[in-house]
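S.K.: Below: one structure in structure tokens.
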Amino acid sequence: MGATPNREKRDGRGRRFRAVLGGILAGLFVLGLLPAGNPTARAASEADLKRKIQNLDTELREKEGEKSQAQKDLDQLREDRERLKQEISALDSQIAETNARVENLKAKIEENTKKKEEREAALKAATERLETHKEELQKRLYRLYVQGDMTYGEVLFGARDFADFVGRVEILTAAVEADKRLLVEYKRAKDEVERQKRALESLIASLETDRRALQEELSRLALRKEEHTAKLSTYEDTERQIAQKLEEIDAELARIAAERSRATAELERIIQERRAQEAQRAREAQPGIPEGIFAWPVPGYYAISSPYGWRIHPIFGTRQFHNGIDIPAPKRTPIVAADTGVVTYARWMSGFGNTVIVAHGNGVSTLYGHIDDGGILVSEGQVVSRRQQIALVGSTGYSTGPHLHFSVLVNGSYVSPCNYVRCP
């Protein structure tokens with residue numbers, strides 16, 4: 001479209017201003033009052049920062065691997081420690097059970113020892129009774145058989161008659177037989193007591209053998225528990241060491257991440273500065289694309305991939321009206337405000353993705369769409385100046401690649417941006 005008289009006046013003033021500014025800057029460079037940019041030094045700094053970031057990334061990966069291995073070691077150690085604690089608990093149960101069995105055996109040994117002592121006392125009494133009765137029986141037998149004539153004579157002459165005599169003989173014989181039976185009973189009782197005594201002695205010996213075996217088992221269990229307890233203490237010490245190592249690794253990771261963040265921010269600053277200078281040089285090298293009423297929103301990138309007007313939508317494939325112009329540029333290329341104004345919108349908008357709208361007064365606003373995630377650099381209500389960086393090129397919303405969708409609105413209606421910026 002043809003240039004208006006106002007635009008021609010503005011273009012003339014712009015050319016005169018750039019000529020005067022160029023002369024001033026040239027004079028300052030000649031006098032040495034303004035340092036010249038050193039592209040070689042900047043490139044070296046940029047390369048150094050990239051190498052530093054790569055080295056930091058390598059260090060981060062190594063530390064992450066070290067942390068992962070330490071965490072695996074810690075998890076395995078905790079698993080082993082829990083298993084060891086369970087084994088110690090099982091040993092405690094076995095020790096308690098074995099102690100109970102030992103105490104039970106001790107009680108049985110004491111009980112049977114007491115019974116044996118009672119049997120020994122009974123055996124002694126029975127032996128004494130048996131010996132006493134044997135002695136008395138022997139005396140009677142001696143009187144009956146060794147001194148039999150006198151005894152029988154006494155029985156014979158003492159009897160009143162023959163029947164009395166026979167009765168006396170039977171009584172004497174019965175007494176002797178009773179003594180013999182009593183002697184046999186005493187002997188049988190003594191033998192039984194001796195048998196019981198031997199059985200008790202055998203039982204006590206068996207119980208003592210079991211008790212000694214249990215005591216040995218107790219000693220083995222106690223030794224195993226002592227070994228497990230010592231190992232558990234070692235595990236706990238090692239666990240504390242690994243936990244401390246993990247804390248140190250986390251601190252080192254935080255330090256590396258912070259250093260990387262600073263290096264990345266510095267690299268981003270240098271890259272943006274380089275791009276801005278390249279854009280400035282590109283503008284100076286392309287006098288055929290002067291500014292319009294508004295400044296070009298993507299310095300250094302002047303191609304238009306989709307103009308204002310009707311088109312086939314690249315995503316939906318339908319014929320739609322395109323209410324702005326699309327300016328392709330690499331992702332995170334700086335976007336500048338077309339003119340001084342106030343930010344009225346700085347967030348997500350359906351279709352446009354991350355979007356910024358700047359009101360310039362007199363009902364005129366500019367819209368900047370498809371901004372990169374994290375690329376909105378202004379906030380609503382903020383005053384921005386002409387050519388101030390406000391965002392970074394992205395591909396959010398309905399977009400097929402990195403570019404800026406730039407629209408101009410007058411009283412809320414879209415108009416051709418080429419009425420306000422000089423389109424190539």
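S.K.: Which of the aspartates and glutamates could a cross-linker span from residue 115 if the Cα-Cα distance has to be under 16 Å and same-chain partners fewer than 8 positions apart are dropped?
M.R.: Hits, sequence-local ones excluded: 192, 194, 201, 208.
S.K.: Report the gain in length on full extension from residue 414 to residue 192: 0.36 nm times residue separation, minus Cα-Cα distance, nm rounded to one decimal.
M.R.: Details: separation 222, 0.36 × 222 = 79.92 nm, distance 12.71 nm.
So the chain would gain 67.2 nm between residue 414 and residue 192.
S.K.: Considering region 293-424, what Rg and Dmax in Å follow from its alpha-carbon atoms?
M.R.: According to the Cα coordinates of region 293-424, Rg and Dmax are 13.3, 39 Å.
S.K.: Would you list which lysines come within 20 Å of residue 67, measuring only between C-alpha atoms, while excluding same-chain residues fewer than 8 positions from it?
M.R.: 245
S.K.: Is there a pair in 85/225; 52/331; 106/190; 124/190; 108/190; 72/225 whose C-alpha atoms are over 18 Å apart, and which pairs would that be?
M.R.: Details: 85/225 10 Å; 52/331 22 Å; 106/190 29 Å; 124/190 9 Å; 108/190 25 Å; 72/225 27 Å.
As for pairs spanning more than 18 Å Cα to Cα, those are 52/331; 106/190; 108/190; 72/225.
S.K.: Between residue 223 and residue 84, what is 0.36 nm times their sequence separation minus the Cα-Cα distance? Round to one decimal in nm. Working shown, then result.
M.R.: On the way: separation 139, 0.36 × 139 = 50.04 nm, distance 1.46 nm.
Extra length available between residue 223 and residue 84 comes to 48.6 nm.
S.K.: Something else: Using R₀ = 22 Å, calculate the FRET efficiency as 1/(1 + (r/R₀)^6) where r is the Cβ-Cβ separation of residue 383 and residue 269; round to 0.05. Mind dumping the intermediate values first?
M.R.: Numbers: r = 23 Å, r/R0 = 1.04.
For residue 383 and residue 269, the calculated efficiency is 0.45.
Read-outs: derived from the displayed coordinates by stated rules, not from any lab. Quantities reported herein were computed from a predicted structural model and do not represent experimental measurements. All Cβ positions, glycine included, derive from the backbone under ideal geometry; neighbour counts span all protein chains shown.
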